[in-house]
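Single-structure report; data block below.
The values are calculated or read from the model by the stated rules, or taken from the named source; none is laboratory data. Because the structure is predicted, anything quoted here is derived from the model rather than measured. Every residue, glycine among them, receives a Cβ derived from its backbone with ideal geometry; neighbour counts consider all protein chains shown.
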Amino acid sequence: MPHAIRFYKPGGPEVLVWEDISVGQPGPGEVRLRQTAVGLNYIDIYHRMGLYPQPLPSGLGGEGAGIVEEIGAGVTDLKPGDRVAYGSAPLGAYAEVRLIAADRLLKLPDGIDDQTAAAMMLKGLTVQYLIRQTYRVKKGDTILLHAAAGGVGTILSQWAKHLGARVIGTVGSDEKAELALANGCEHVIVYTREDFVKRVEEITGGMKVPVVYDSVGKDTFMKSLDCCAPLGLVALFGQSSGLVAPLNLSDLAAKGSLFVTRPTLYAYAAKRENLVAMADELFDVVKSGAVKITVNQTYALKDAARAHADLEARKTTGSTVLMV
């Protein structure tokens, strides 16, 4: 019988349990997927803690790769044996076998292995909408990226550099600074000992930046606004340090008629045609070598609780994969 990680109440990593599950036959429009690798993402922690409440008991995870075992009625573009991956799907990735809607799956091209795919789909698709849609990064831009040594950060900085932008990254340690520099950041600010607002002003000659990509939230958000040039945008796509306090919209006027958005992958990739177009662009930059996906940590899927604890303790860098 296959196994999965589930949780019956919100809480810390200790609420995650490894248990037997029953997986039936795929229904209309579904695929039975035997998974080989699962991506670890900070949003998994939000789900586990109840920040984004789910009906309980619940599975976990929205990113993975594997082999199609069976297809349900009406599925015409996939067949048993196909290698596929996904990064925009309902929770349930932390499982050896799962049922999943076929329209959320993407065929993997040759040259991208399962572990790489599991590390890049949710994070890479997130980067695609952030730098190609939310704010379209262009040659000559100088941008600010928080958590530059994380999974999204290492992909975003490489891709933005490939587009001709100059990336300023913030990190929490010298070790992470080295990683950020190796992955496309031109300037790195260690925020634990440097004032990143002051450093951004120095680096840009007082011009500041047109866009800030902020997944940290409470600890950085107001200062992120202070890094924006007039008419600039803060894209708040996570809150690893906690929820941002309510914002007085008059502050946006006072700081230069700024824009703020709280985007999600699920909204950008809701339509199948958009998901496919986003994935095609991601696959192209990875296959070309412009963006390299590095898996810095692997854990057995059954050890997901330890992986969560390490991620929350900021012990991880880059991408982490749970091996099935």
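Restricting to the range 244-280, what's the tally of residues that are of a type in the set (Asp, Glu) and closer than 18 Å to Asp114 by Cα?
First pass over the range 244-280, keeping only residues of a type in the set (Asp, Glu): 251, 273, 280.
Adding the requirement that they be closer than 18 Å to Asp114 by Cα leaves 280.
Residues flagged as of a type in the set (Asp, Glu) and closer than 18 Å to Asp114 by Cα within the range 244-280 amount to 1.
Scanning the range 250-299 for residues that are in contact with a helix residue (DSSP H, G or I) (Cβ under 8 Å, 6 or more places away or on another chain) and free of Cβ contacts under 8 Å to residues at least 24 places away in the same chain yields one hit, Asn274. Could you list, in sequence order, all residues of the range 33-70 that are in a loop (DSSP other than H, G, I, E, B) and either over 26 Å from Gln297 (Cα atoms) or β-branched (Val, Ile, Thr) (or both)? Passing the criteria: Pro53, Gln54, Pro55, Leu56, Pro57. Regarding Val212, is this residue within 19 Å of Leu51 (Cα to Cα), in contact (Cβ under 8 Å) with a residue 60 or more places away in the chain, crowded, with 20+ Cβ neighbours inside 10 Å and aliphatic (A, V, I, L, M)? Spelling it out, it is not the case that Val212 is within 19 Å of Leu51 (Cα to Cα), in contact (Cβ under 8 Å) with a residue 60 or more places away in the chain, crowded, with 20+ Cβ neighbours inside 10 Å and aliphatic (A, V, I, L, M).
One line per residue, one yes/no per condition, for (1) out of contact with any Cys (no Cβ under 9 Å at 6 or more places or on another chain); (2) at pLDDT 95 or above; (3) buried (at least 21 other Cβ atoms within 10 Å of the Cβ):
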site: Gly164; (1), (2), (3): yes, yes, no
site: Val190; (1), (2), (3): yes, yes, no
site: Arg193; (1), (2), (3): yes, no, no
site: Glu201; (1), (2), (3): no, yes, no
site: Lys223; (1), (2), (3): yes, yes, no
site: Leu231; (1), (2), (3): yes, yes, no
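The set of residues from the range 71-100 being farther than 25 Å from Ala300 by Cα and in a strand (DSSP E or B) comprises just one member, Ile71.
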